Amino acid sequence: MKNLLEGTVKGIYDELIAKTPGACNCATCETDVLAYVLNKTKPRYSGGTDTGMALLALDLQKDQTRAQLAVVVLDAIQRIASNPRHPPR
Ligand SMILES: [Zn+2]
């Protein structure tokens, strides 16, 4: 379940970071963005059980779910971009 959610979030991140001017796409910022998104989204899924896994797989295929995740990812990109862990370039 972990990899499933992470893979989807990473895919959305890759799409959005390319469309966000000024956002840093270094490995540090990417890690921070993905960690932020996963912290916010994981509690939605019970996880660990086969049922939770099946529900997650179904849920992640929905456009609505992906749109909701995209909002969180974009928010995270903007937060990290305005407060990166490294000096601005
Ligand atoms: Zn960076």
Among the candidates 80, 12, residue that is within 16 Å of the ligand (Cβ to nearest atom) and either hydroxyl-bearing (Ser, Thr, Tyr) or in a helix (DSSP H, G or I) (or both): 80
Residue check for residue 88: modelled with pLDDT under 90 and either part of a helix (DSSP H, G or I) or over 16 Å from the mean Cα position of the chain (by Cα) (or both): yes
Counted residues, segment 1-27 - those being surrounded by 13 or more Cβ atoms within 10 Å (Cβ to Cβ) and not charged (D, E, K, R): 14
Only listed residue being within 16 Å of the ligand (Cβ to nearest atom) and assigned to a helix (DSSP H, G or I), chosen from 38, 56, 34: 34
Subset of segment 20-32 (residues that are of a type outside the set (Ser, Thr, Tyr) and out of contact with any helix residue (DSSP H, G or I) (no Cβ under 9 Å at 6 or more places or on another chain)): 21, 26, 27
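The values are calculated or read from the model by the stated rules, or taken from the named source; none is laboratory data. Note that the structure is predicted; figures quoted are calculated from it, not measured. In this analysis, Cβ positions are derived from the backbone assuming ideal geometry, glycine residues included, and neighbour counts consider all displayed protein chains.
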